[in-house]
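Input: a single structure, listed below in structure tokens.
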Amino acid sequence: MTGVSVFGWSALTSAGMATSAATASLPRPDAPVAPGTGGLFTESLPSPRGHVVPGFDIRARLGRKGTSTYDRATGLAVVCCEDALGAAELFADADRGRVGVVLGTTIGSFRSTSDFSRETLVQEKPYLVNPMLFPNTVMNGAAGQVAIRHGLRGVNATVAGGALGFLNAVRYAEMVLAGGYADVMLAGAVEEFSAHRAWAAHLTGTTAEVPLGEAAAVFVLSAPQPPAWVGAAPVADLVTATGFGPGGTGARALLACARRALDRAGVAPSDVTAVLTGEADEAGQDEYLAVAGLLRHRPRRVAAKRLLGECDAASSAAALAVWLADPEPAGPALLTARNADGAVAVAVVRRCADAGTGDR
């Protein structure tokens, strides 16, 4: 199987924190988030409910030093990467100059960008804004803080891909590793819950089927034979393919992506046992039906958004975490994503135990 292997992972979702089967696969109902309902946010919200990471407190987790300027997205990313690195068991002699980071997002922290822009309008001239908050306004702020916090000096990138954010990040990591620019890549995605994002989603109608959610999920990727300073055994293999289907050709493009990914992975369509889709509405099966036609059977459909809410760029990453946390996954799975503009992506995911490679 070509592609990359996963040597450790972590997820922060409304189901809690997970690096194993402990909690990630447990569904949680959407919780109160609005004022007056015991919620987390003081601002007015379009809906009193949403999916948020329960009890998340960056200072309680990492302390006050260096975290005073973190926004919520940065905090989620830093903690998630720390846990993923721990799961991968990097030894003390790890060459952190060969460890990189790539995170998927939609537009970064909408809240940080909006609040900083507002400060330039309401503060007294000459616009006395806090310069320490400026790094949060650029979409690669979270990935940069991850590298700073954990001393990772390899390739550092952020991919703005909307629903395709995570799979684009994995594809980017694949190319970096294949080109020899890094030995290990942390690939994941993060989206925070905020009043700004909630209102944007409400006004554009993008969360009509499920409440808004937030999540961070990160996977430590390397070649099947990793550097000697990676102590963990591989837990899964990933192979990706991307494409574009403008107009009404999205389903055909998704099918072509699935075919290429399966061919690269050396996985027969009949062996696929689950499709992890980005569909939120139970009745909407555009992604599922497109690939089911190729598979010529109807494998189990896993729609993580029904459990975790609309997490945008982090939805696919959270779906992968849910699947990896399943104590009894049977056979390979397809992870699919699709944007309204026609961009599509597919990943073939196979637990190493399923492939007989758990002892590599």
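Things worth noting here:
- Checked against (1) in a helix (DSSP H, G or I); (2) closer than 26 Å to residue 163 by Cα; (3) not hydroxyl-bearing (Ser, Thr, Tyr), residue 118 passes all but condition (2).
- Residues being out of contact with any Lys or Arg (no Cβ under 9 Å at 6 or more places or on another chain), part of a helix (DSSP H, G or I) and open to solvent by 20 Å² or more (accessible area, probe 1.4 Å) - total across the stretch 300-315: 2
- Scan of the stretch 52-92 for residues that are of a type in the set (Asp, Glu), open to solvent by less than 60 Å² (accessible area, probe 1.4 Å) and modelled with pLDDT of 90 or more, ordered by number: 83
- Residue satisfying all of: in the stretch 164-201; aromatic (Phe, Trp, Tyr) and assigned to a helix (DSSP H, G or I); nearest to residue 154 (Cα to Cα) among these: 172
- In the stretch 93-115, the residues that are assigned to a loop (DSSP other than H, G, I, E, B) and buried (at least 19 other Cβ atoms within 10 Å of the Cβ): 94, 106, 108, 109
- For the stretch 316-343, taking the residues that are part of a strand (DSSP E or B) and not basic (Lys, Arg), the one that is farthest from residue 301 (Cα to Cα) is identified as 343.
- Of residues in the stretch 266-299 being under 28 Å from residue 54 (Cβ atoms) and surrounded by 15 or more Cβ atoms within 10 Å (Cβ to Cβ), the one modelled with the lowest pLDDT: 280
- Within the stretch 150-189, the set of residues being open to solvent by 10 Å² or more (accessible area, probe 1.4 Å), among the aromatic types (Phe, Trp, Tyr) and either touching a Ser or Thr at 6+ places or on another chain (Cβ under 9 Å) or under 17 Å from residue 217 (Cα atoms) (or both) comprises 172 only.
The values are calculated or read from the model by the stated rules, or taken from the named source; none is laboratory data. In this text, all values refer to a predicted model and were calculated from it rather than measured experimentally. Please note: Cβ atoms are built from the backbone with ideal geometry, for glycine as well, and neighbour counts cover all protein chains shown. Remember, those area values only see protein heavy atoms, side chains included, never the ligands or the DNA or RNA. Shrake-Rupley method; radii C 1.70, N 1.55, O 1.52, S 1.80 Å.
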